1. FRET efficiency for residue 159 and residue 123, Cβ-Cβ distance as r, R0 = 30 Å, nearest 0.05?
2. Tell me the volume per residue, in Å³, of the convex hull enclosing the alpha carbons of the range 115-271.
3. Among residues other than residue 192 whose Cβ falls under 15 Å from its Cβ, what is the net charge (Lys/Arg +1, Asp/Glu -1)?
4. Report the per residue volume, in Å³, of the convex hull enclosing the C-alpha atoms of the range 185-235.
5. How big is the chain by Rg and Dmax over its Cα atoms, in Å?
6. Quick check: pseudo-label points 7 Å beyond the Cα along Cα→Cβ at residue 85 and residue 59, how many nm apart are they?
7. Say R0 is 35 Å: what FRET efficiency, to the nearest 0.05, do residue 192 and residue 135 get from their beta-carbon distance?
8. If amide hydrogens are placed 1.01 Å from N in the peptide plane, which non-local residues have theirs closer than 5 Å to the one on residue 162?
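The values are calculated or read from the model by the stated rules, or taken from the named source; none is laboratory data. Computed from a prediction, not measured in an experiment: that's the story for all the values here. All Cβ positions, glycine included, derive from the backbone under ideal geometry; neighbour counts span all protein chains shown. Protein only, heavy atoms only, side chains kept; ligands, DNA and RNA dropped before computing areas. Shrake-Rupley method; radii C 1.70, N 1.55, O 1.52, S 1.80 Å.
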Amino acid sequence: MSSLVFVFAVLCLSGVWGMKLDWWNNVDSKCGVEASTHLVHHNPWLVYLEYWRKDLVDIRCAATLIDKRHLITAAHCIKKPRFKRLVARLGEYDLLSDKDCVQGVCTDPLVKIDVANVYVHPEYDGREHDIAIVRLAEDAPYTDFIRPVCLPKGELKTDTTFFAAGWGEIPMKGIYAHDKKIIPLPLWNKKDCQASYKHIVLPESVICAGGQEGIDTCRGDSGGPLTRVQETVELFGVTSGGNARCGTKNYPGIYTKVVDYLDWIEAVIKS
């Protein structure tokens, strides 16, 4: 990430999404639905970003697929790194293998699509409005391993538990995950969150989530999704910041609040 950091724990959450979702009939019209509860089918909207400089490639941030052509990520993932070319990696599960197979289920081949345009929120100042939209050069194919998330709607309950995902650093271990992580993070009250971060002023449009020791987003997770799971999975947050020591107790992660940017997102997509 940038100066603010995140962490998380690699957790296998069997049963979180219930039984296999057989009612997926029209892939083009549905969002926020996974093919099954199998690990390789989790978070099919999670995308890794490749930053190219000449012949060197670096992977620093994640993003979330919201339709065939658009991803949402953090503004600092676009503004801060230097790159000549940006590539989206879709359908990834294990970064260390060419073909990902878990318990007899194998993913399709990895899909890489060049980025055509990036749109950083016009009021991003390095702290506020840490959100950006990435437009792909061609349509992403919808498969069991590549699907869009839903944009958020409705109110959050005080006992909401979100789920973050990514391949970033594992808190308190100093190593990066190679398998896609699933991280359960309880919602924090904004006032309590500000009290924890008493030496900074939190951005206005953020969600705080986590605060449990060793369970957090971290370096390398920036730009990735913070989702709420109901009938469908909705993108409520974009991984933005947190305590420099990921996974520190009583220091929740900080996520850009997507619902506050729906008008801007719609305007960019329609443009």
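1. My answer for the efficiency is 0.40.
2. With only Cα atoms used, the range 115-271 gives 131 Å³ per residue.
3. +3
4. 114
5. Cα-based Rg and Dmax for the chain come out at 17.0, 50 Å.
6. According to this spin-label approximation, the distance is 1.7 nm.
7. E(calc), rounded to 0.05, equals 0.40.
8. 185, 187
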